[in-house]
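K.L.:
Pasting in a structure now, in structure tokens, and then I'll have a few things to ask.
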Amino acid sequence: MQNGKVNGEEDEEYQVFLSLHTPALKAARIPPLYWKSLHLKLANEVFDAGEVFGIMHVEEEEDEDSERRASPQTEMGYKVIVTSESGLQAADPTSVFLVDHAWTYRVESARQQLLEIPGLLIRMASLMGLPFHGEAPDPDIVDLVLDNMWKYNQTYQLAQGSAEEKVPVWYIMDEFGSRVQHSSQPTCCLAPLFYSPQQIAYSVLWPLQDLENGGMQTLKQVQNQSKDTK
């Protein structure tokens, strides 16, 4: 009897979730297969991508031109791979994951937030691989973050609300989401979703195909956003 009551409450909560979010879920093209699991993860703030994926640190060599191949530039990069021994199955309704946003802001307040929010400048500099090891806000590092953030920026816009609320909101995903590489042949999709009960946006990740252990997670290349963020 108790289980029936619990299941009934869960079904009711799920129906409320659908009534609030179905248009956004469809607009984000998140397959209905994942909606119920996504609802549970959102409601319980479950961030379990680390149980399936891992971040691999790699060195990437880039040639500036054919005449300078003897002295290639070596840059440190990241790849996200499947670390679960059983891999990742696209047909599994639980194969949907939340990605947190490390920084959400509006363009006009970006500099002020970097200077005033404790730990934000350090985190952004680390995420972008910038050389900053201090604690006090450094105006030069702030400029570097503002110059480099366009590589990581994503944006969403609320469909309802006042004119001020509909102004595009910019965000940078957390260290996991920001490490996923883009590809013209992606293995996964990623889309922002505004979760009404918490009044907060997350990114939702789901697979486009089955991935074996060691398989690389890639996303469709998105258009770079404006660098004019100062």
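K.L.:
State which residue pairs qualify: first residue over 14 Å from Arg111 (Cβ atoms) and inside the range 130-159, second residue among the hydroxyl-bearing types (Ser, Thr, Tyr) and part of a loop (DSSP other than H, G, I, E, B) in any location, beta carbons under 9 Å apart, and separation of 6 or more residues or different chains.
P.N.:
Trp150/Ser226; Trp150/Thr229; Asn153/Ser226; Asn153/Thr229
K.L.:
Search the range 72-90 for residues being modelled with pLDDT of 80 or more and outside any strand (DSSP E or B), and hand back the single one that is nearest to Ile55 (Cα to Cα).
P.N.:
By that ranking, first place goes to Thr83.
K.L.:
May I ask you to list the residues in the range 199-218 that are in contact (Cβ under 8 Å) with a residue 24 or more places away in the chain and over 15 Å from the mean Cα position of the chain (by Cα)?
P.N.:
Answer for the range 199-218, where residues must be in contact (Cβ under 8 Å) with a residue 24 or more places away in the chain and over 15 Å from the mean Cα position of the chain (by Cα): Leu208, Gln209, Asp210, Leu211, Glu212, Asn213, Gly214, Gly215, Met216.
K.L.:
Failed condition for His39, given (1) part of a helix (DSSP H, G or I); (2) touching a residue at least 12 places away in the same chain (Cβ under 8 Å); (3) farther than 18 Å from Ala90 by Cα, with all others met?
P.N.:
Exception for His39: condition (3).
K.L.:
Same structure again: Can you tell me which residue in the range 132-164 is farthest from Pro192 (Cα to Cα), limited to those that are at pLDDT 85 or above and in a loop (DSSP other than H, G, I, E, B)?
P.N.:
Applying the filter and picking the extreme gives Asp138.
K.L.:
Since Val169 meets every condition but one in (1) out of contact with any Ser or Thr (no Cβ under 8 Å at 6 or more places or on another chain); (2) modelled with pLDDT under 90; (3) not small (Gly, Ala, Ser), which condition does it not meet?
P.N.:
(1)
K.L.:
Hey, among the residues in the range 42-60 that are in a helix (DSSP H, G or I) and under 17 Å from the mean Cα position of the chain (by Cα), which one's farthest from Leu211 (Cα to Cα)?
P.N.:
Of everything passing the filter in the range 42-60, Leu42 is farthest from Leu211 (Cα to Cα).
K.L.:
Something else about it: Could you give every pair whose Cβ atoms fall below 8 Å, whose first residue belongs to the range 101-113 and is assigned to a helix (DSSP H, G or I), and whose second residue is exposed (fewer than 13 other Cβ atoms within 10 Å of the Cβ), counting only separations of at least 6 or pairs across chains?
P.N.:
Every condition considered, the pairs that remain are Ala110/Lys230; Arg111/Lys230.
K.L.:
Quickly run through the range 114-129 and pick out the residues that are in a loop (DSSP other than H, G, I, E, B), on the phi < 0 side of the Ramachandran plot and within 20 Å of the chain's Cα centre (by Cα).
P.N.:
Result: Met128, single match.
The values are calculated or read from the model by the stated rules, or taken from the named source; none is laboratory data. The structure displayed is predicted, hence computed values, not measured ones. Virtual Cβ from ideal backbone geometry, glycine too; neighbours counted across all protein chains shown.
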